[in-house]
Amino acid sequence: MTEVMTARDPAAPVRRESPPSMIERMTLILDAFSGPSARLTLEDVARRTGLPRSTAHRILDQLVRQRWLAHHAFGYGLGNRALGLGGRDGGHGKVREAAAPLLHELQVTTGLVAHLAVLDGAEIYYLDKLGGRLATSVPSRVGGRAPAHCTALGKAMLAWLEPEQVDALLGPEITRFTARTIGELGTLHQELHRVRQRRGLAFERGESYPGIACVAAAIRGAEGPVAGISLVGDIRAPLENVAPLVVTAAREASQILFPGSGGTSATRGRRRGSAAPATWSPETMNRLLAVDGRGDWM
């Protein structure tokens, strides 16, 4: 049996795959930010999407103008619209702007995962996440949520609310997610008292996810906590060593958002971008971490 070959008409146009539409290209770029890192450079975007650098740059500019993305000195991140905040962001855009360089410095200095979150009812809502090699092992994402009572971020913010407010937010029963989760309101209130005694430092080890540890402090204004900053590592991470950096970053963010609201002279005098933030002595840290008389800083 012979195969019949048909010749192509030389005048017929060659069919090529159509380039993706503008909407498809915008979607490719926005999807590139759904991974563990909340910051991407232009080169990162071009590599992840397969788009030419010039095309990616042009679309990035348009997405920034429309507030789907935000452009910072060290990369692009999801904007208010992409986070579902739109034009009614409740001030979250200002919080993200104030905290962005501080989160970047924390992540670069420590190599840990840096978070920014706000309290939303009984949950925290992640506004920002800066990764590193540990990012893929930390199950959080920008725009995601987590229970407030079992996260250091949540406890750092709950500690500055009235006990009645905490009860109203969380309800009569709180859920255990691991063997280490605080499961009773009374025990949680004791923990929040310890957070206040530690000048606002909150810790958790394996309370929300096994193998994950976190230290956090709240960004506060005159009316109470407005957000929280944290560093996250694995369960063995010596978080007491980086705890002063988190407190300093939270205080500096508070000063940026609420000038004249307090903050230490070290915070006010700290030069932006410095690689040597203020530290606390080992004796000070030991006193802070042993305020409950047992040295239990969870």
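Quick notes on this structure:
- A Förster distance of 41 Å, applied to the separation of the beta-carbon atoms of ARG47 and LYS94, puts the FRET efficiency at 0.85.
- Ordering of 136-143, 116-123, 227-234 by packing [mean C-beta count within 10 Å, highest first]: 227-234, 116-123, 136-143
- Dipole in debye (nearest 20) - region 150-269, about Cα centre, beta carbon charges: Lys, Arg +1; Asp, Glu -1: 440 debye
- Residues in region 108-161 average 31 Å² of solvent-accessible surface per residue, probe 1.4 Å, ligands and nucleic acids excluded.
The values are calculated or read from the model by the stated rules, or taken from the named source; none is laboratory data. Keep in mind that this is a model prediction, so the values were computed, not measured. In this analysis, Cβ positions are derived from the backbone assuming ideal geometry, glycine residues included, and neighbour counts consider all displayed protein chains. Just so you know, the surface numbers come from the protein's heavy atoms only, side chains and all, with ligands and any DNA or RNA stripped out. Shrake-Rupley method; radii C 1.70, N 1.55, O 1.52, S 1.80 Å.
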